[in-house]
Amino acid sequence: MRDAAIFIGLDTSNYTTSFCAVSASGDIVFEKRLLLDVPNGARGLRQSEALFQHVQRLPSFFLACSEHLEGKWIAGIACSDAPRRIAGSYMPVFLAGRLGAEALALGAGVECLKTSHQSGHLAAGVKTVGWMRDGGVQPFLAIHASGGTTDLLHVSFDGSDFCVETLGSSLDLHVGQFVDRIGVSLGLPFPAGAKLEVLAQAHPDDLPLLELPSVVKQGSPSFSGPLAALERARNANVTDAQLAASVFRVIANTFEKMIRFAVEKTGTRRVLLVGGVASNQRIKNRLQKRFFVQNSGHGAIDLQLCDPFYASDNAYGVALLAAWQNPL
């Protein structure tokens with residue numbers, strides 16, 4: 001009976017429509033996700049536009065999943081119904097996933113778990129780096145870096161969901177907004193992170209990068225200064241590749257300062273990066289290089305980044321939470 005059980009997760013964010021089904025052991029049975037359609041030159045969608053696209057897509061997602069359900073039974077369903085697990089956190093766009101999940105739960109005769117988009121990212125992160133064991137995970141630090149969030153967190157797990165203490169949060173632009181504004185200004189499609197990373201690869205490693213300010217105040221980053229500096233640099237003799245590479249260097253420098261602040265403040269030395277920006281290999285390589293010395297010896301900082309495929313918006317983590325809350 002346990003082998004035939006599946007757990008379903010839905011996440012309808014500002015970027016992606018996501019649906020995932022996992023087994024009781026967390027293996028993926030079915031997954032489908034699709035970026036929202038954004039007009040060329042735009043930097044995202046209004047909530048009503050994104051919500052409409054999700055509502056249009058979800059029926060076909062349900063139908064596609066049904067083809068994988070032969071011999072299976074639905075043991076749990078979860079959805080992200082808010083950006084973060086704090087009072088007052090709300091975005092209309094998550095209503096699409098919630099309504100779909102509640103309808104599925106009613107039909108399956110199970111309870112619908114309401115979690116947060118951030119919890120889904122954290123779940124995918126701890127699973128892909130191997131930190132979730134025997135239904136538990138030790139407290140850790142996290143940076144949730146995306147288009148709508150740049151949070152520095154101290155995280156614990158209560159057996160059903162993540163409990164987070166916010167140590168710092170963006171003072172102005174979120175890091176994903178910073179990336180997208182530069183990318184769209186260079187003519188790249190939204191969201192621009194992946195294309196901007198490809199562009200950055202054209203900048204030779206032996207050539208200098210732009211010197212940009214990296215600002216972190218008590219764990220909270222600011223990206224308005226680097227954005228203004230990059231916009232000024234576009235009028236100078238700077239290649240698009242150098243500009244792109246400099247974007248990711250200043251992000252890595254900023255994350256390093258945030259991590260060092262959190263480690264000193266809490267004494268916790270395990271750090272996880274999640275969210276779409278955490279999928280960037282240039283940021284990963286820079287941070288691993290900077291923390292290499294600490295990774296061998298007493299007081300080591302264990303820095304892990306979510307699997308790039310599950311760093312961006314997905315429903316895998318949400319489905320995992322459904323499974324973890326309903327152990328068989």
Legend entry - Yes/no for residue 273 being out of contact with any Asp or Glu (no Cβ under 8 Å at 6 or more places or on another chain), surrounded by 17 or more Cβ atoms within 10 Å (Cβ to Cβ) and not in a helix (DSSP H, G or I): yes
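Considering the stretch 27-84 alone, what residues qualify as being among the polar types (S, T, N, Q) and not in a helix (DSSP H, G or I)? It would help to see each step written out before you state the result.
Residues of the stretch 27-84 among the polar types (S, T, N, Q): 40, 47-48, 53, 56, 60, 66, 80.
Listed by number, the residues that qualify are 40, 80.
Residues in the stretch 193-224 that are among the hydrophobic types (A, V, I, L, M, F, W, C) and buried (at least 19 other Cβ atoms within 10 Å of the Cβ): how many? Quick ask: steps written out before the conclusion?
First, pick out the residues of the stretch 193-224 that are among the hydrophobic types (A, V, I, L, M, F, W, C): 194, 196, 198-200, 202, 207, 209-210, 212, 215-216, 223.
Applying the additional criterion that residues be buried (at least 19 other Cβ atoms within 10 Å of the Cβ) yields 196, 199-200, 212, 216, 223.
Residues that pass the stated criteria total 6.
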Inset, instruction - Say whether the condition of being within 20 Å of the chain's Cα centre (by Cα) and free of Cβ contacts under 8 Å to residues at least 12 places away in the same chain is met by at least one residue in the stretch 242-264. - result: no
Inset, instruction - Kindly list the number of the only condition in (1) outside any helix (DSSP H, G or I); (2) of a type outside the set (Lys, Arg); (3) in contact with a Ser or Thr (Cβ under 7 Å, 6 or more places away or on another chain) that fails for residue 118. - result: (1)
Inset, instruction - Could you check residue 5 against (1) more than 16 Å from residue 103 (Cα to Cα); (2) within 19 Å of the chain's Cα centre (by Cα) and say which number it fails? - result: (2)
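For the stretch 8-24, which positions are in a strand (DSSP E or B) and either outside the structural domain of residue 109 (by TED's automatic domain parsing) or under 17 Å from the mean Cα position of the chain (by Cα) (or both)?
Here is the first cut: in the stretch 8-24, the residues in a strand (DSSP E or B) are 8-12, 16-23.
Listed by number, the residues that qualify are 9, 10, 11, 12, 16, 17, 18, 19, 20.
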Inset, instruction - Select from the stretch 26-42 the residues that are surrounded by fewer than 16 Cβ atoms within 10 Å (Cβ to Cβ) and more than 27 Å from residue 320 (Cβ to Cβ) and write down the one among them that is modelled with the highest pLDDT. - result: 37
Inset, instruction - Say whether the condition of being assigned by TED's automatic domain parsing to the domain that holds residue 118, over 13 Å from residue 19 (Cβ atoms), buried (at least 17 other Cβ atoms within 10 Å of the Cβ) and at pLDDT below 95 is met by at least one residue in the stretch 86-100. - result: no
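Among the listed residues 81, 27, 37, which satisfies the condition of being under 23 Å from residue 193 (Cα atoms) and outside the structural domain of residue 275 (by TED's automatic domain parsing)?
Details: 81 fails: under 23 Å from residue 193 (Cα atoms); 27 fails: under 23 Å from residue 193 (Cα atoms).
Of 81, 27, 37, the one residue that is under 23 Å from residue 193 (Cα atoms) and outside the structural domain of residue 275 (by TED's automatic domain parsing) is 37.
Can you tell me which residue is modelled with the lowest pLDDT among those in the stretch 278-304 that are in a loop (DSSP other than H, G, I, E, B) and among the aliphatic types (A, V, I, L, M)? Let's see the steps before the verdict.
Within the stretch 278-304, the subset in a loop (DSSP other than H, G, I, E, B) is 280, 291-292, 296-301.
When the remaining residues are screened for being among the aliphatic types (A, V, I, L, M), the result is 300-301.
Numbers: 300: 81, 301: 90.
Applying the filter and picking the extreme gives 300.
Name the one entry in 183, 136, 147, 168 that is more than 18 Å from residue 314 (Cβ to Cβ), among the small types (Gly, Ala, Ser) and either at pLDDT below 95 or in the same structural domain as residue 26 (by TED's automatic domain parsing) (or both).
Of the residues listed, the single one that is more than 18 Å from residue 314 (Cβ to Cβ), among the small types (Gly, Ala, Ser) and either at pLDDT below 95 or in the same structural domain as residue 26 (by TED's automatic domain parsing) (or both) is 136.
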Inset, instruction - Name every residue in the stretch 171-225 that is free of Cβ contacts under 8 Å to residues at least 60 places away in the same chain, closer than 18 Å to residue 286 by Cβ and in contact with a strand residue (DSSP E or B) (Cβ under 7 Å, 6 or more places away or on another chain), in order of residue number. - result: 215
Legend entry - Among (1) on the phi < 0 side of the Ramachandran plot; (2) out of contact with any His (no Cβ under 9 Å at 6 or more places or on another chain); (3) touching a residue at least 60 places away in the same chain (Cβ under 8 Å) - the single one residue 100 does not satisfy: (2)
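The values are calculated or read from the model by the stated rules, or taken from the named source; none is laboratory data. Please read these numbers as outputs of a predicted model, since none were measured by experiment. Counting neighbours? That spans all protein chains shown, and the Cβs are built from the backbone with ideal geometry, glycine included.
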